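Structure first, then comments.
The values are calculated or read from the model by the stated rules, or taken from the named source; none is laboratory data. Remember, it's a predicted structure, so these values are computed and weren't measured experimentally. Cβ: placed from backbone, ideal geometry, glycine included. Neighbour counts: every protein chain shown.
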Amino acid sequence: MKKFLDAISEEMKEAFQQAGYDRELGKVTPSNRPDLCEYQCNGAMAGAKRYKKAPIMIAQEVAGKLEDSQVFESVEAVPPGFLNLKLSPIFLAGYLSEMAEKPKFGLERPEKAKKILIDYGGPNVAKPLHVGHLRSAIIGESIKRIARFAGHDVTGDIHLGDWGLQMGLIITELREREPGLAYFDDGFTGEYPEDAPFTISELEEIYPAASARSKEDSAYKEKAMEATYKLQNGVRGYRALWNHIICVSVADLKKNYEKLNVEFDLWKGESDVHDLIPQMVEEMKAGGYAYLSEGALVVDVKEESDTREIPPCMILKSDGASLYNTTDLATIKERMEKIGPDEMIYVVDKRQELYFEQVFRCARKTGLVKPETKLKFLGFGTMNGKDGKPFKTREGGVMRLESLLAEIDEVMYGKIAQNRSMPEEEAKDTAKVVALSAVKYGDLSNQASKDYIFDIDRFTSSEGDTGPYILYTLVRIKSILSKYAEAGGAAEDAALRPAEGDPEKALMLELAGFLGMIENAYEETAPHKVCAYIYDIANAFNHFYHETKILAEEDAAKKEGWIALLMLTKNILETCIDLLGFSAPERM
Ligand code: ARG
């Protein structure tokens, strides 16, 4: 079905044509003066020069053609030549009824569904998830859901950091601590133990210890680099240890991402493309793209139009070791061969922008992707503390994601417990659901590329532009609907009625923007547009609710019309929060 703006523009275009003007002038836009009108059309202003006529005259002629319009209740030509529009409540209710009946509120399938791969999450194994990983997970998940809803074939890949020096560091530290383990015995030919020689908490202590030591002790670092090399070249015991590290870490990561309501289709990592590297390197050399520079193998990626310096992309270090971008390039090669996406979107900290510019250019230049393959870097800003600096623990350390989430759960529980009318257990579960909305909405309501301040008090507030406010609104609607059902009403069968009052109409006008909003949010990979849309709806609903005694209404038909409006509002809000990656409790 047509977007609301297109549907009403159609009527306006018809009028311009009938009055003898170019149809295309009849584009309708949201009103700049909501106090005067609901929508407006500036076509008469735009056409004045071309038709050598005063804009107000054109506007009047067009308005004349719309006197009996079924779409507009009023069309007013105002100086110097604007057309101020108010919608017909009958048309509006008709449009919304159609939305309510159709799957996905009338969203049509794209002409050609795209294959999209989203690379997000990007945690490093053996390191605890920290707040830096939060944004990638939250934004990536929402973009994935929006693109899928829009009808595309979307795959989410976590792209684990599981192959670099950090692995060599852990292996080296383990060797220092327990040199007697079979993994370090070159002569060992038996089966290695099934269980890992460490737990996740031990692993999380081992890595920082190793990393700190390597910074002070160069011989130790040497050993770690050698261990990395041996691992990558298939030394049996090291591979076996590495497998343990991956299994233990991944199990822990899965638990954490599950709590965040984030799901990946692929759990691939840098290590998965290791074997593809030699062939890729050969092709880059054979194509004349890669050359030796001071011993390292590089591909030039600068372009004449560059206004800043874009350094060459390094493919192999002088010792033959591969780098972060070698695995990213090989991953692109593998994805093109195995999945063949039309588009790849990377949701990564914006500080990696230059890096991705190099990788993308290199992938294009060396023919790893097709000329028409879209490569998009969606860089996000930093999550800051109230002091405006990157978010830290009170002690100034890196905040673990788990601790952060536990803190919000607690704050939320405190608020819910204050006016608690539910059992303890339910209050705890509810707090978790609402806390997740606070974190996710707090993040997603900002444009992704901007930094934002993580403010627990504000994010968990039930008032203002927050997740809990949206959930309170939804719960309020659900409660009215269940009371209606308890009294014997059938909300599913209720039919929408043309609005009689302004608050009701305002809510209907907000809801009507759904298809346009989805199109924008998808095309601009912008979850914040979903947030802005539902915030407007929540405000419009609450205004309507405060002005209207819904359940006490005596006119049954009127009441039924409102119930239908509530149903649609609820369904739209639920769909939207699902696109943002959270859900609503039954009560709060
Ligand atoms: N593991 C990386 C990091 O922690 C992020 C990975 C981003 N994705 C990618 N394809 N490079 O910085």
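Taking segment 313-331 as the range and being out of contact with any Lys or Arg (no Cβ under 7 Å at 6 or more places or on another chain) and surrounded by fewer than 17 Cβ atoms within 10 Å (Cβ to Cβ) as the test, the residues that pass are Lys317, Ser318, Asp319, Gly320, Ala321, Tyr324.
Results for (1) part of a helix (DSSP H, G or I); (2) buried (at least 20 other Cβ atoms within 10 Å of the Cβ); (3) in contact (Cβ under 8 Å) with a residue 60 or more places away in the chain, shown as yes or no for each residue.
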position	(1), (2), (3)
Glu173	yes, yes, no
Ala210	yes, yes, no
Asn243	yes, no, no
Ser249	yes, yes, yes
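For a quick check of your reading of the model, give me the residue pairs whose first member lies in segment 415-438 and is surrounded by 15 or more Cβ atoms within 10 Å (Cβ to Cβ), whose second is part of a helix (DSSP H, G or I) and of a type in the set (Ser, Thr, Tyr), with beta-carbon atoms closer than 6 Å and at least 6 apart or on different chains. Every condition considered, the pairs that remain are Ile416/Thr430; Ala431/Tyr413. The condition of being over 30 Å from Ile577 (Cα atoms) and modelled with pLDDT of 95 or more holds for only one of Asp265, Asp272, that being Asp272.
What are the residues in segment 374-414 that are among the polar types (S, T, N, Q) and over 18 Å from Leu444 (Cβ atoms), if any? First the steps, then the outcome.
Narrowing segment 374-414 to residues among the polar types (S, T, N, Q): 382, 384, 393, 403.
Of everything in segment 374-414, those that are among the polar types (S, T, N, Q) and over 18 Å from Leu444 (Cβ atoms) turn out to be Thr393, Ser403.
Each residue in segment 301-329 was checked for being more than 25 Å from Thr525 (Cβ to Cβ) and within 13 Å of the ligand (Cβ to nearest atom), and 2 pass.
Name the residues in segment 159-168 that are within 14 Å of the ligand (Cβ to nearest atom) and part of a helix (DSSP H, G or I), would you? So that I can check it myself, show each step before the final result.
So in segment 159-168, the residues within 14 Å of the ligand (Cβ to nearest atom) come out as 159-167.
Within segment 159-168, Leu165, Gln166, Met167 meet the criteria.
Go through segment 25-51 and give me each residue that's assigned to a loop (DSSP other than H, G, I, E, B) and either out of contact with any Cys (no Cβ under 9 Å at 6 or more places or on another chain) or among the charged types (D, E, K, R) (or both). Spell out the reasoning first.
Going through segment 25-51, the residues assigned to a loop (DSSP other than H, G, I, E, B) turn out to be 27, 31-38, 42.
Result: Lys27, Asn32, Arg33, Pro34, Asp35, Leu36, Cys37, Glu38, Asn42.
Given the condition closer than 21 Å to Asp349 by Cα, assigned to a loop (DSSP other than H, G, I, E, B) and among the acidic types (Asp, Glu), answer yes or no: does some residue in segment 368-382 qualify? Break it down stepwise before answering.
Restricting attention to segment 368-382, the residues satisfying the condition of being closer than 21 Å to Asp349 by Cα are 374-382.
Still in the running and assigned to a loop (DSSP other than H, G, I, E, B): 381-382.
Still in the running and among the acidic types (Asp, Glu): none.
Looking through segment 368-382, none of the residues is closer than 21 Å to Asp349 by Cα, assigned to a loop (DSSP other than H, G, I, E, B) and among the acidic types (Asp, Glu).
Residues in segment 508-526 that are under 14 Å from the mean Cα position of the chain (by Cα), surrounded by fewer than 19 Cβ atoms within 10 Å (Cβ to Cβ) and assigned to a helix (DSSP H, G or I): Asn520, Glu523.
Quick check on segment 340-379: of everything there that is aromatic (Phe, Trp, Tyr) and more than 17 Å from Pro527 (Cα to Cα), which residue is farthest from the ligand (Cβ to nearest atom)?
Among those residues, the one meeting the criterion is Phe360.
Val298 passes every criterion in (1) surrounded by 15 or more Cβ atoms within 10 Å (Cβ to Cβ); (2) touching a residue at least 40 places away in the same chain (Cβ under 8 Å); (3) away from the ligand (no atom under 16 Å from the Cβ) apart from (2). Selection of segment 366-400 for residues being out of contact with any Phe, Trp or Tyr (no Cβ under 6 Å at 6 or more places or on another chain), closer than 22 Å to Ile310 by Cα and touching a residue at least 40 places away in the same chain (Cβ under 8 Å) yields Gly367, Leu368, Lys376, Leu378, Gly379, Phe380, Gly381. In the condition set (1) in a helix (DSSP H, G or I); (2) at pLDDT 95 or above, Gly156 is compliant with all but (1). For beta carbons closer than 8 Å, sequence separation of 6+ or different chains, a first residue in segment 317-344 that is free of Cβ contacts under 8 Å to residues at least 12 places away in the same chain and a second that is more than 10 Å from the ligand (Cβ to nearest atom) and part of a loop (DSSP other than H, G, I, E, B), the qualifying pairs are Leu323/Lys317. Scanning segment 25-36 for residues being surrounded by fewer than 21 Cβ atoms within 10 Å (Cβ to Cβ) and either within 22 Å of Met517 (Cα to Cα) or basic (Lys, Arg) (or both) gives a total of 7.
Which residue, of Val273, Val262, is surrounded by 12 or more Cβ atoms within 10 Å (Cβ to Cβ) and assigned to a loop (DSSP other than H, G, I, E, B)? Give the derivation first.
Details: Val273 fails: assigned to a loop (DSSP other than H, G, I, E, B).
The conditions single out Val262.
Out of the residues in segment 384-412 that are more than 22 Å from Asp252 (Cβ to Cβ), of a type outside the set (Lys, Arg) and surrounded by 14 or more Cβ atoms within 10 Å (Cβ to Cβ), state the one that is modelled with the lowest pLDDT. Step through it out loud before you land on a result.
From segment 384-412, those more than 22 Å from Asp252 (Cβ to Cβ) are 384-390, 392, 394-396, 411-412; that's our starting set.
Subset that is of a type outside the set (Lys, Arg): 384-385, 387-388, 390, 395-396, 411-412.
Checking which are surrounded by 14 or more Cβ atoms within 10 Å (Cβ to Cβ) leaves us with 384-385, 390, 411-412.
On the way: Asn384: 91, Gly385: 89, Pro390: 84, Val411: 95, Met412: 95.
Filtering first and then ranking leaves Pro390.
Among the residues of segment 447-457, the ones that are over 20 Å from Ala431 (Cα atoms), surrounded by 13 or more Cβ atoms within 10 Å (Cβ to Cβ) and over 11 Å from the mean Cα position of the chain (by Cα) come to 3 in all.
For first residues located in segment 116-130 and in contact (Cβ under 8 Å) with a residue 12 or more places away in the chain and within 14 Å of Phe380 (Cα to Cα), partners that are near the ligand (Cβ under 8 Å from one of its atoms) and assigned to a loop (DSSP other than H, G, I, E, B) and lie 6+ apart or on another chain with Cβ distances below 6 Å form the pairs Asp119/His159; Gly122/His159. Taken over segment 106-160, the residue count meeting the criterion of being surrounded by fewer than 22 Cβ atoms within 10 Å (Cβ to Cβ) and of a type in the set (Asp, Glu) is 3. For His152, the criteria (1) touching a strand residue (DSSP E or B) at 6+ places or on another chain (Cβ under 7 Å); (2) away from the ligand (no atom under 16 Å from the Cβ); (3) within 29 Å of Arg400 (Cα to Cα) hold in every case but one, which is (3).
Pick from segment 102-128 the residues that are within 10 Å of the ligand (Cβ to nearest atom) and either of a type in the set (Phe, Trp, Tyr) or in a loop (DSSP other than H, G, I, E, B) (or both): which of them is farthest from Glu204 (Cα to Cα)?
Let us first name the residues in segment 102-128 that are within 10 Å of the ligand (Cβ to nearest atom), namely 119-125, 127.
Going one step further and asking which of them are either of a type in the set (Phe, Trp, Tyr) or in a loop (DSSP other than H, G, I, E, B) (or both), we end up with 120-123, 125, 127.
Numbers: Tyr120: 22, Gly121: 18, Gly122: 17, Pro123: 13, Val125: 9, Lys127: 6 Å.
That would be Tyr120.
Counting only residues that are without any contact (Cβ under 8 Å) to a residue 12 or more places away in the chain and under 19 Å from Ala330 (Cβ atoms), segment 279-290 holds 3 of them. Regarding Lys505, is this residue assigned to a helix (DSSP H, G or I), farther than 15 Å from Ile577 by Cα and without any contact (Cβ under 8 Å) to a residue 40 or more places away in the chain? When the stated conditions are applied, Lys505 does not pass them.
Answer yes or no: is there a residue in segment 223-233 that is modelled with pLDDT under 95 and exposed (fewer than 15 other Cβ atoms within 10 Å of the Cβ). Taking every residue of segment 223-233 in turn, at least one turns out to be modelled with pLDDT under 95 and exposed (fewer than 15 other Cβ atoms within 10 Å of the Cβ).
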